Amino acid sequence: MRRGERRGHGGALGKAALEEQPPPLPNGGAPAAADRPPAEESPPPPPGPERDSAGLRRSTESEVYDDGTNTFFWRAHTLTVLFILTCALGYVTLFEETPQDTAYNTKRGIVASILVFLCFGVTQAKDGPFSRPHPAYWRFWLCVSVVYELFLIFILFQTVQDGRQFMKYIDPNLGVPLPERDYGGNCLIYDPGNETDPLHNIWDKLDGFVPAHFFGWYLKTLMIRDWWMCMIISVMFEFLEYSLEHQLPNFSECWWDHWIMDVILCNGLGIYCGMKTLSWLSLKTYKWQGLWNIPTYKGKMKRIVFQFTPYSWVKFEWKPASSLRRWLAVCGIIFVFLLAELNTFYLKFVLWMPPEHYLVLLRLVFFVNVGGVAMREIYDFMDDPKFHKKLGQQAWLVAAITATEFLIVVKYDPYTLTLSLPFYITQCWILGIILVLTWTAWRFFIRDITLRYKEIRRQKQEHKYERDKCLSNGDRHSAILDEQNGNKLRERKL
């Protein structure tokens, strides 16, 4: 939605509405073609299943009031960026002497190429669904997604040894095998053998990953916006750790580390705080004014802080059981989430990166910024396919990145991935898959056929009762006509 447009009814008039309108013609005639105002760039969205009568706002979308102020902060600066970029390149060409170091020049040229592409993308790429704190911020992360995907494809086409040694160009400390830390071992909560600190096992598990788990699930809740989906992903990932601990020792944890510290405390508390934040965002009034239109300094400071909150809010109603399409979409979202989580551990394992390396942290920061946009685009594509006819650009890139990361893991260490699961683990997963497939077949196929059969049978009984009633009243001709009409109606329904 462009700035200044109104979502909903009863809001204050926008800036465009305050402009002078042409006077009405006599006799109520329509203005001539030359006197008509120019048409909008794009027609209004067609009414979807959850849009209001005007086709402007879904029932799950909040109303927004905006005075339409367009300051220097919101204007396009394509020529300014182009001028600064040209001056920088000209300075490097004319005033800097190129060193005779091939490796240094290669790194510098790659970084400069990436920066030029980011400048182009930030100024020229298509806007996404988010506009706060600024649309250029989200365009920047879209371009970073392209750069990261190209980097992954480059790594994918290298040999295993060359790909691992290539990481030395990013950090000379990389490229050497690292042992994985085992979080299992002594799982006693209270160790009576240690008189100085009987709770040493708990303190050993309290590392930097505990707050990372909490903030990670807090942000994931803001992305998914559904308590059930977050809990399913959280619990299923713990089952995946149980299932794959024979492949990665990093997955080997104590039972209380899995279910008490992770699911209940870190993940559960993060999901709870995220749901509270979602509740506040859904009740918040989205009324925006230009900074210079606010008279008080307190109001100006409040407006600056709220610049980092959403411009509007859409409540996600996934409704996975409403149709087969939505059910498959929700299952696909859960699968991609779990695969992206597993890629975090397997990538650093096959590329020999320590868990505390800054590249691992940068990858998590990257997914935090692109994940919210991708989830919004997926929800719009799934919830309103008549208006959103194709999958969003950020969602497409996130899916491609997740798949490419997994392919790198498959190529670089196929032996680890092909280690067979323990027999009891295999039985559990087979049972779970059978239950899911059985429920899917019953809910979307068997149940619908049963309900349709019961409805036809009920209609036949009602028609038979009406026909007998008519015969008892002596109206046989009308009964025959009703029977013929009923047969035609059932044929059309079938």
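Does any residue of the stretch 342-356 turn out to be without any contact (Cβ under 8 Å) to a residue 60 or more places away in the chain, farther than 23 Å from M275 by Cβ, surrounded by 19 or more Cβ atoms within 10 Å (Cβ to Cβ) and not aliphatic (A, V, I, L, M)? There is at least one residue in the stretch 342-356 that is without any contact (Cβ under 8 Å) to a residue 60 or more places away in the chain, farther than 23 Å from M275 by Cβ, surrounded by 19 or more Cβ atoms within 10 Å (Cβ to Cβ) and not aliphatic (A, V, I, L, M).
Tell me, yes or no, whether the stretch 413-421 has at least one residue that is at pLDDT 95 or above and of a type in the set (F, W, Y). Among the residues of the stretch 413-421, not one is at pLDDT 95 or above and of a type in the set (F, W, Y), which makes the answer no.
Does the stretch 281-304 contain any residue that is part of a helix (DSSP H, G or I), open to solvent by 90 Å² or more (accessible area, probe 1.4 Å), of a type outside the set (G, A, S) and under 23 Å from E63 (Cβ atoms)? Yes, the stretch 281-304 contains a residue that is part of a helix (DSSP H, G or I), open to solvent by 90 Å² or more (accessible area, probe 1.4 Å), of a type outside the set (G, A, S) and under 23 Å from E63 (Cβ atoms). Selection over the stretch 169-198 of residues that are modelled with pLDDT under 75, open to solvent by less than 60 Å² (accessible area, probe 1.4 Å), of a type outside the set (D, E, K, R) and assigned to a loop (DSSP other than H, G, I, E, B) gives a count of 4. Taking first residues from the stretch 65-79 that are closer than 14 Å to Q289 by Cα and partners that are part of a strand (DSSP E or B) and open to solvent by 80 Å² or more (accessible area, probe 1.4 Å), the Cβ contacts under 8 Å between residues at least 6 apart in sequence or on separate chains come to Y65/K287; D66/K287. Taken over the stretch 134-155, the criterion of being open to solvent by 30 Å² or more (accessible area, probe 1.4 Å) and out of contact with any Leu (no Cβ under 8 Å at 6 or more places or on another chain) is satisfied by H134, Y137, W138, R139, W141, Y148, L150, F151, I153, F154.
The set of residues from the stretch 200-229 being open to solvent by 60 Å² or more (accessible area, probe 1.4 Å), of a type in the set (A, V, I, L, M, F, W, C) and modelled with pLDDT under 90 comprises W203, L206, F209. When the test is whether a residue is at pLDDT 55 or above, open to solvent by 50 Å² or more (accessible area, probe 1.4 Å), in contact with a Leu (Cβ under 9 Å, 6 or more places away or on another chain) and not in a loop (DSSP other than H, G, I, E, B), V111 does not pass it. Of the conditions (1) in contact (Cβ under 8 Å) with a residue 24 or more places away in the chain; (2) in a helix (DSSP H, G or I), K276 satisfies every one except a single condition; which number is it? K276 satisfies every listed condition except (1).
The values are calculated or read from the model by the stated rules, or taken from the named source; none is laboratory data. Treat the numbers as computed from the prediction; the structure is a model and nothing was measured. All Cβ positions, glycine included, derive from the backbone under ideal geometry; neighbour counts span all protein chains shown. With ligands, DNA and RNA removed, areas are computed over all heavy atoms of the protein, side chains included. Shrake-Rupley method; radii C 1.70, N 1.55, O 1.52, S 1.80 Å.
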